[in-house]
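Here's the structure, in structure tokens; my notes come after.
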Amino acid sequence: MHSTAKHFTYDMEQLKATRTLVLDSGEPEGKREEIRRYFHATWELDERLFDCLASDATFTMRADPLRHPLIFYFGHTAAFYINKLILAGILTSRISPRYESMFAVGVDEMSWDDLNEDHYDWPTVPEVQDFRNRVRAAVDDVISVLPLSVPITWDSPVWAVIMGIEHARIHLETSSVLIRQLPLNQLEPHPLWPICREWGPAPANELRPVSGGPLRLGKDRNHPLYGWDNEYGLFEEEVADFQASRFLVSNGEFLAFVDDHGYRERRWWTEEGWNWRQFREAEQPIFWRREGDRWYLRTMLELIEMPWNWPVEVNYLEAKAFCNWLSDRTGKTLRLPTEAEYYRLHQLAGPPDQPYWEKAPGNINLEWWASSCPVDRFESAGFGDVIGNVWQWTEMPIAGFHGFEVHPFYDDFSTPTFDGRHNLIKGGSWISTGNLATRDSRYAFRRHFFQHAGFRYVESAAEVVIPSITYETDEQVSQYCEFHYGEEYFGVPQFNRTVVGKVMAIHGDRPRRKALDLGCATGRGTFELARHFDRVTGLDFSARFIRIGTQLKEEGFVHYTRVEEGEIVSYHEKQLSQFGLDGTREKVEFFQADACNLLTRYSGYDLVLAANLLDRLYDPAKFLREIASRINPGGLLVLLSPYTWLGDFTEKERWLGGFRRDGEPVFTLDGLKEALGRHFALVAAPCDIPFVLRETRRKYQHTLSEMTVWEKRQA
């Protein structure tokens, strides 16, 4: 049905056995040809998948109400190459601006209750095919001329090409799921996609022990295989002993849940799951068909007698309901595995990784069939389907590992899924190829979505701990996260570190027991003080700020967005360990408080720091009158302020300076001397400390804050 200029000739077995590239070895020109062959093999697989559509009209049918019709995906993988190569500065001109916009981002990943009824003026299939042909030629030309050296890393220009290839392999899988939901009369058989013909009764399942142990996940930048941004960083956990089901849950095992009216019993379902079940009016798994008393299974291109020993394919919500039902029936506490538990099982079973195996050790990478197969067909260390057959749902929403960074060529690949609503799937399916079939791949879907995905269950006494995965988006809080933990701008040193360094030089050999950071915001000054003091308390009026300090104390890291321009944001993770502050976490505490109305327990300090606080208080004189009682004799009060007095924060009659009295100017330093003179002595000359507050990529506030240091007089 389709035509394209063939750059390579492949037989079917070659197409189905291609593997992701090893990027850290080989000669540059040899590697260039490997990339070219991988690109064209991927392109051919994509085209041959769409050969299964019986007519051009099939391309515009909506297989799933929550997804675009397949014409979008036919154009999308091609448009992706051009858009990323333009973004990377490798291409300077477009092939079809209209198509590269239309096929860029779909109304995809929609919630089940957020249907999109927009109508699109889709181009014809021949028009999209012509666009694809031109893109294919353009990418081939890019591969020919792009500078290339080995090892290839994510900083290499050719990374953008490999990104396009691996992206296309993702959609090879997701498009196959949509094809599976089309009417069979809209499809035609194809020799590239033969299904497994082995089926029979379901084997009895059982729990088998898995010993716990240390687990370390996450790639570094020198890893030899391509990776998406969420694969990099570091995750460590001591996995507790647990038991896991020997096999994936089969159609036969799941039938008991269906026969027991599991889809009609509210008590087995989460609230989200029950709402979805009512919306879909689901009575059984989506790919099951019933005719009288007989059950059938819809594969991608056929309807076959129910293979009871194949894995059931369901979404997370159905898998979770089954676990709740089976827990009740068995008296055990069963659930889905965590990501760490999955990898512990994988670690002990030890299957080789793609691309290093000789033959796939499971039903994966298209090396066996274009369908599932019996759950007891591939066993490793006594467990079936450690990899392959169908993806395996986990309990865990996806989050970045510590040290997560977005790739500049695809800044929204992972971060939109860090919302607590996208659960990780592990292990790959029969059509998982390329990066999807590697050990370190990390993919997640909304819990109501369908992939070629099933599950195994576990029993464990360990509590499932969901990590902090959201990115701080409050504009002011995010600005202060960047101010405290982000980059330095225009050569201005980090403000809090500079302040504490200067203060400690003045502090000398005075006692260092307790310090107070008033107006601590997101806490950098608090942690810096804890390098020098036994205990440090950070107080701020804003609970939004205190939440960040508390998270850093408890978890050692923070995620936040940073505005670049308009609606464009970048995503950042910062860890205390980056600044040598991880060892201070046990010495700090954070509380919400009003600096003008402090509880009596906030007393007995050897140092009180109030940075950029004074001109934001509603009654600064009251604060200065009362602070003396909270500082030990000989202790220091450190004040910093740009003296930006504004009526929005402080009524004018309460300003300490910045006004005229009897016609003469009164500066804030004069007001401070007057307010503090009874209890404090100025022990160092006032000095200016600059700071830069970033608002957007092109807007910054560059401010001078005057620092004064006061010693409390001895009684």
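Can you report the number of residues in segment 59-79 which are assigned to a helix (DSSP H, G or I) and touching a Pro at 6+ places or on another chain (Cβ under 9 Å)?
Within segment 59-79, residues that are assigned to a helix (DSSP H, G or I) and touching a Pro at 6+ places or on another chain (Cβ under 9 Å) number 4.
Go through (1) in contact with a Lys or Arg (Cβ under 9 Å, 6 or more places away or on another chain); (2) farther than 24 Å from Q494 by Cα; (3) aliphatic (A, V, I, L, M); (4) at pLDDT 95 or above for L624 and report which single condition fails.
Checking L624 against (1) in contact with a Lys or Arg (Cβ under 9 Å, 6 or more places away or on another chain); (2) farther than 24 Å from Q494 by Cα; (3) aliphatic (A, V, I, L, M); (4) at pLDDT 95 or above, the one that fails is (1).
Consider segment 672-690. How many of its residues are under 22 Å from N496 (Cβ atoms) and either in contact (Cβ under 8 Å) with a residue 40 or more places away in the chain or in a helix (DSSP H, G or I) (or both)?
Within segment 672-690, residues that are under 22 Å from N496 (Cβ atoms) and either in contact (Cβ under 8 Å) with a residue 40 or more places away in the chain or in a helix (DSSP H, G or I) (or both) number 6.
Out of segment 512-550, which residues are among the hydroxyl-bearing types (S, T, Y) and modelled with pLDDT under 95?
Across segment 512-550, the qualifying residues are S542, T550.
Take C520 and decide whether it is crowded, with 24+ Cβ neighbours inside 10 Å, farther than 29 Å from G227 by Cβ and in contact with a strand residue (DSSP E or B) (Cβ under 8 Å, 6 or more places away or on another chain).
Yes.
Looking only at residues in segment 307-346 that are hydroxyl-bearing (S, T, Y) and assigned to a helix (DSSP H, G or I), which one is farthest from Q284 (Cα to Cα)?
Within segment 307-346, the match that is farthest from Q284 (Cα to Cα) is Y343.
Quick check: is even one residue across segment 461-472 touching a strand residue (DSSP E or B) at 6+ places or on another chain (Cβ under 9 Å), farther than 27 Å from D155 by Cβ and among the hydroxyl-bearing types (S, T, Y)?
yes
Please work out which residue is farthest from the chain's Cα centre (by Cα), limiting yourself to segment 375-395 and to residues that are surrounded by 24 or more Cβ atoms within 10 Å (Cβ to Cβ) and assigned to a loop (DSSP other than H, G, I, E, B).
V375
Can you tell me which residue is surrounded by the fewest Cβ atoms within 10 Å (Cβ to Cβ) among those in segment 455-511 that are at pLDDT below 95 and β-branched (V, I, T)?
Within segment 455-511, the match that is surrounded by the fewest Cβ atoms within 10 Å (Cβ to Cβ) is V465.
From the list Q347, Q392, which one is at negative phi, out of contact with any helix residue (DSSP H, G or I) (no Cβ under 9 Å at 6 or more places or on another chain) and not charged (D, E, K, R)?
Step by step, each of Q347, Q392 is checked, and only Q347 is at negative phi, out of contact with any helix residue (DSSP H, G or I) (no Cβ under 9 Å at 6 or more places or on another chain) and not charged (D, E, K, R).
Spot the failing condition for F450; the list is (1) out of contact with any strand residue (DSSP E or B) (no Cβ under 9 Å at 6 or more places or on another chain); (2) within 24 Å of R344 (Cβ to Cβ); (3) of a type in the set (F, W, Y), and only one is missed.
Failing condition for F450: (2).
Of the residues that sit in segment 223-241 and are part of a strand (DSSP E or B) and in contact with a helix residue (DSSP H, G or I) (Cβ under 6 Å, 6 or more places away or on another chain), which one is modelled with the highest pLDDT?
V239
Do you know which residues across segment 120-176 are touching a residue at least 60 places away in the same chain (Cβ under 8 Å), more than 17 Å from L45 (Cα to Cα) and small (G, A, S)?
S144, S149, A160 - these are the residues of segment 120-176 that are touching a residue at least 60 places away in the same chain (Cβ under 8 Å), more than 17 Å from L45 (Cα to Cα) and small (G, A, S).
Out of D108, D155, I need the residue that is within 22 Å of L23 (Cβ to Cβ), at pLDDT below 95 and under 23 Å from the mean Cα position of the chain (by Cα). Which one?
Result: D155 is the single residue among D108, D155 that is within 22 Å of L23 (Cβ to Cβ), at pLDDT below 95 and under 23 Å from the mean Cα position of the chain (by Cα).
Report those helices (runs of 4 or more DSSP H) wholly inside segment 418-534 carrying at least 2 residues which are of a type in the set (V, I, T) and either farther than 30 Å from A321 by Cα or within 22 Å of the chain's Cα centre (by Cα) (or both).
Output list reads 495-507.
Kindly indicate whether any position in segment 616-625 is assigned to a helix (DSSP H, G or I) and under 41 Å from the mean Cα position of the chain (by Cα).
Yes: segment 616-625 contains one or more residues that are assigned to a helix (DSSP H, G or I) and under 41 Å from the mean Cα position of the chain (by Cα).
If I filter segment 564-577 for residues that are closer than 19 Å to E475 by Cβ and not in a strand (DSSP E or B), do I get at least one hit?
Yes: one or more hits.
Could you check how many residues of segment 308-320 are farther than 22 Å from E379 by Cα and either surrounded by fewer than 24 Cβ atoms within 10 Å (Cβ to Cβ) or not aliphatic (A, V, I, L, M) (or both)?
4
Condition check: part of a loop (DSSP other than H, G, I, E, B), under 25 Å from Q451 (Cα atoms) and in the same structural domain as R36 (by TED's automatic domain parsing). Does L148 satisfy that?
no
Of all residues in segment 584-596 being within 13 Å of I627 (Cα to Cα) and in contact with an Asp or Glu (Cβ under 9 Å, 6 or more places away or on another chain), which is surrounded by the most Cβ atoms within 10 Å (Cβ to Cβ)?
A595
Restrict the check to segment 269-283 and report whether at least one residue is over 31 Å from the mean Cα position of the chain (by Cα) and surrounded by fewer than 21 Cβ atoms within 10 Å (Cβ to Cβ).
So far as segment 269-283 goes, yes, one or more of its residues are over 31 Å from the mean Cα position of the chain (by Cα) and surrounded by fewer than 21 Cβ atoms within 10 Å (Cβ to Cβ).
The values are calculated or read from the model by the stated rules, or taken from the named source; none is laboratory data. Since this is a predicted model, take the numbers as computed values, not measurements. Reconstructed Cβ throughout: ideal geometry from the backbone, glycine too, with neighbour counts over all protein chains shown.
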